[in-house]
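Step one of this worksheet: look at the structure below.
The values are calculated or read from the model by the stated rules, or taken from the named source; none is laboratory data. These numbers were taken from a predicted model, which means no experiment stands behind them. Heads up, the Cβs are rebuilt from the backbone with ideal geometry, glycines too, and the neighbour counts pull from every protein chain shown. Just so you know, the surface numbers come from the protein's heavy atoms only, side chains and all, with ligands and any DNA or RNA stripped out. Shrake-Rupley method; radii C 1.70, N 1.55, O 1.52, S 1.80 Å.
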Amino acid sequence: MPTPRQNDVGARTISVGLQEAARITGLSRRSLYNCASRGELPLRKVGAKTLVLVDDLHLLITGEAAV
């Protein structure tokens, strides 16, 4: 597994927005929403922001996501 990304203060990034999730996975935002609607990718709402845990993205891409 790749080394966890670090944020500006050196802490491990635990969540990203959908645009960043799409960029780092190579999937479209629509594909990520489709995965979420099928129960393959949990999305979290914090205020108006929709977040995805980086660990959940790893599980989705490696095929280990719960279906």
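In summary, residue 63 fulfils each of the numbered conditions (1) at pLDDT 95 or above; (2) open to solvent by less than 80 Å² (accessible area, probe 1.4 Å) with the single exception of condition (1).
Scanning the range 25-39 for residues that are under 14 Å from residue 58 (Cβ atoms) and either among the polar types (S, T, N, Q) or surrounded by fewer than 16 Cβ atoms within 10 Å (Cβ to Cβ) (or both) yields a total of 2.
Residues in the range 7-24 that are touching a residue at least 24 places away in the same chain (Cβ under 8 Å), surrounded by fewer than 18 Cβ atoms within 10 Å (Cβ to Cβ) and assigned to a helix (DSSP H, G or I): 24 alone.
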